[in-house]
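Just so you know, all these numbers are worked out from the coordinates, no wet-lab data involved. The structure presented is a predicted model; accordingly, all values stated were derived computationally and were not measured. A quick note on method: Cβ atoms are made from the backbone with ideal geometry, for glycine too, and the neighbour counts reach across all protein chains shown.
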Amino acid sequence: MKKLVLDQVHQDLGGKMVDFAGYNMPVQYEGLNAEHLHVRSKVGVFDVSHMGEFFVSGEGALDFLQKTTSNDVAKLSPGKIQYSCMPNDKGGIVDDLLVYCLGENDYLLVVNASNIDKDFAWLDQHRPNTVTLDNQSEAWSLFAVQGPRAVQALQSLTDINLAEMTYYTFERGAFAGAEEVIVSATGYTGAGGFEIYVKNEDAAAVWKAIFEAGAAEDIRPIGLGARDTLRLEKGFCLYGNDIDDTTSPLEAGLGWITKFNKDFINSENLKKQKEEGISRRLNGFMMLDRGIPRHGYRILNAEGEEIGVVTSGTQSPSLGKAIGLGYIAKGYNAEGTEIFIEVRNKQLKAVVTKPPFVK
């Protein structure tokens, strides 16, 4: 199992460590609910250094990414970021990712930890000789500082004007004494904040500085458990649960990042799917009966017939209600439709609800 650079730091903080995507990761410190609500109301820090970083450069890098990702990379300019996915040639998704425009024909791709090797092999397979694909995942650490007090917690550490940074933009500069840090106005919690990319040799000092600077804002370490409940309250997809090699981006509700004004891998088939219509779609739902929906649970209609499957589910700490995502057959996925989740052989009532669950 791989270890984060700050593995011992997390253990010293009382982090409960688990295997996630082949990494020893802190799942919680003081408890999932407390950590979740702290991020929603104040500010917390996730060590997500397991994420993958690929640097793409050279003549034709833009065309290469246009071919291998679904969103329109040509719309990016230096300092801008794009959420996208890499379609496979069978109608599914290799991975979802962030595309950072560093400069002309110069990009950073941030991919899911569990897919680093698969993604690199897929991209390398389609890479022209003029393009360099550099996997630097082992060289970088990544801290997600999330919550409404993130600006106040971090501003003293950098000359970058954090309050003026807009969502899905980034700047490179000095941060907490480290040089060439990437400060990104992104995150997967829907609570606002930043993601801080630092070289491994600077990770310990930057982590320490973040907690010293944010002490007045009651900054706290947050585990993967709360990261999952926070993203689910916003209806954000998790690769391996809600999307995978068999799910189409259109079925997953990712039509907004699937741009048919260009040719990309499998675009013709996806365009045909859009024109003909999809038979199922990833939808949100909220439980009406008591019970927690889990990945793989069956979704039924009133007659007890299977109409779908749960992909993610949890008890929402913000709402005090159970929520979930799942693929539901056409005809049953309109907002407000009553459905049933099969939980331990019981049919529990739920209602189709359009995310985000927490506005």
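Structure values in brief
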quantity	calculated
Residue in the range 113-130 that is crowded, with 18+ Cβ neighbours inside 10 Å and over 28 Å from Met25 (Cβ atoms) present	yes
Test: residue in the range 20-32 that is crowded, with 17+ Cβ neighbours inside 10 Å, free of Cβ contacts under 8 Å to residues at least 24 places away in the same chain and closer than 30 Å to Ala215 by Cβ	yes
In the range 117-135, the residues that are touching a strand residue (DSSP E or B) at 6+ places or on another chain (Cβ under 9 Å), among the aliphatic types (A, V, I, L, M) and closer than 15 Å to Ile265 by Cβ	Leu123
Members of the range 172-196 that are within 21 Å of the chain's Cα centre (by Cα), in a strand (DSSP E or B) and either surrounded by fewer than 18 Cβ atoms within 10 Å (Cβ to Cβ) or of a type in the set (S, T, N, Q) (or both)	Ser184
Ser141 being touching a strand residue (DSSP E or B) at 6+ places or on another chain (Cβ under 8 Å) and closer than 24 Å to Leu62 by Cα	no
Residues of the range 244-297 satisfying the condition of being in contact with a Phe, Trp or Tyr (Cβ under 9 Å, 6 or more places away or on another chain), farther than 24 Å from Asn115 by Cα and not in a helix (DSSP H, G or I)	Arg280, Asn283, Gly284, Met286, Asp289, Pro293
Residue match in the range 139-146 (condition: in contact (Cβ under 8 Å) with a residue 60 or more places away in the chain, more than 29 Å from Thr229 (Cα to Cα) and surrounded by fewer than 22 Cβ atoms within 10 Å (Cβ to Cβ))	no
